[in-house]
Amino acid sequence: MESPTIPAQQTTTEPSRTGGGRRRRGVNREGLEAGKRSTRTILWILLAASLVIYGFPFLYLLFTSFKTPIDTIAVPPTILPKVWTLDNYVNALGRGGVPASFINSIQTAVISTLLSLVLAVPAAYGITRYKTRSGRVFIMAALVTRMVPPVAIGIPLASMMASVGLADTPIALSIAHTTISLPLSIWLMSSFFEAVPQDLEEAATVDGCSRLGALWRVVIPVVSGGIAVTAIFAFLASWNEFLFALLMTAVRSQTTPVVIANFQTQFGLDWGSMTALAAVYSIPVILLTLLLQRKIVAGMTLGAVKG
């Protein structure tokens, strides 16, 4: 006859095993949660450090623009102004040529951005869709031209523009700036077009669209975020450019970076006015980035999921 204690032992061992498994799962879950919290903390620390590293120079420039002339050259330097003043902004914006330089900068950047997009979009589309050997050579050549230092072509470009009667004009400076932004624009647009499935164009062709019609009606709306990203990069390349503007402009088409560099007094550089005008000069770019924020995010994530 079986012992009466055997069923009791079976009933007691099964709950103990179940309880041990639950405890182990609980410990594992707590370990995973602790690992996620530590990872999240490290990421936040890295993000804060990056913001400090990249944001401190601009904040220091902004604080300097509110300092008095004595505080701007104080040794050791101070971060916050001892006396807050708006005189630097009044002096900077009241100087002759500053409003005209803003207009010249806007004209040059807009024309250069449009030229870059008009040339980069069809070039990148042809390279990615036809996939010929000459296309691969062309895109590699575009990358190589990006490696050429601007100082090597600045003087020849200035001489060429002067020989055709475009010296000291926004259009000449825009063409020069396009040589800087066009290679990068082609590379960026090529990556965005690569992320668009060709099935979309084939479906548009079946519906009666030509190749150009499919590009304009189907592909361009899909890569509109990428176009916004490319436009931002091209605009910034022209907006912040200094060397070509220094070599190719004199008075009529002088841009704001050149005007900022000319802020001097008999005692040296006028740091207060320079930083004030630089702070004002950064406002359009910040506003443009905020306005196109959604497009930029969509363009940066384009192609992250293919299918």
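Quick one: P(r) of segment 207-248 from all Cα-Cα pairs, 10 Å bins, percents rounded to integers, in order of increasing distance.
25, 29, 21, 18, 6, 1
Calculate I(q)/I(0) for segment 68-128 by the Debye formula, one identical point scatterer on each C-alpha and no solvent, and give its log10 at q = 0.13, 0.17, 0.26 Å⁻¹ to two decimals.
-0.64, -0.75, -1.00
At 1.4 Å probe radius, can you tell me the per residue accessible area of segment 28-118 in Å²?
Result: 69 Å² per residue.
Go through Glu33, Glu201 and list them by solvent-accessible area, largest first, probe radius 1.4 Å.
So, going from the largest accessible area down, we get Glu33, Glu201.
How large is the charge dipole for segment 158-226, taken about the Cα centre, if only the Cβ atoms of Lys, Arg (+1) and Asp, Glu (-1) carry charge, to the nearest 20 debye?
Dipole of segment 158-226, to the nearest 20 debye: 200 debye.
Can you give the accessible area of Leu166, probe radius 1.4 Å, in Å² rounded to 10?
Roughly 50 Å² of Leu166 is accessible to a 1.4 Å probe.
With N residues in segment 31-77, what two-decimal value do you get for its Cα radius of gyration over 2.2 N^0.38 Å?
Working it through for segment 31-77, the quotient is 1.91.
Based on the alpha-carbon set only, what is the convex hull volume of segment 44-160 divided per residue, in Å³?
It is 237 Å³ per residue.
Could you work out how much longer the chain between Val118 and Lys82 gets when fully extended? Use 0.36 nm per residue separation minus the Cα distance between them, nm to one decimal.
8.0 nm
Ordering Tyr89, Tyr281, Tyr130, Tyr60 by how much accessible area each has at a 1.4 Å probe, largest first, what is the list?
Sorted by accessible area, descending: Tyr130, Tyr60, Tyr89, Tyr281.
Taking a probe of 1.4 angstrom, what is the accessible area of Val75 in Å², to the nearest 10?
Using a 1.4 Å probe on the heavy atoms, I get roughly 140 Å².
From largest accessible area down, sort Lys67, Lys82; use a 1.4 Å probe on the protein chains.
In descending accessible area the options line up as Lys82, Lys67.
Would you kindly give the portion of the calculated P(r) for segment 121-258 that falls above 26 Å, as a percent of all Cα pairs?
Result: 38 percent of Cα pairs exceed 26 Å.
The values are calculated or read from the model by the stated rules, or taken from the named source; none is laboratory data. The structure displayed is predicted, hence computed values, not measured ones. For neighbour counting, all protein chains shown are included, and Cβ atoms are generated from backbone atoms with ideal geometry for every residue, glycine included. Side chains included, ligands, DNA and RNA excluded: accessible areas come from the protein's heavy atoms. Shrake-Rupley method; radii C 1.70, N 1.55, O 1.52, S 1.80 Å.
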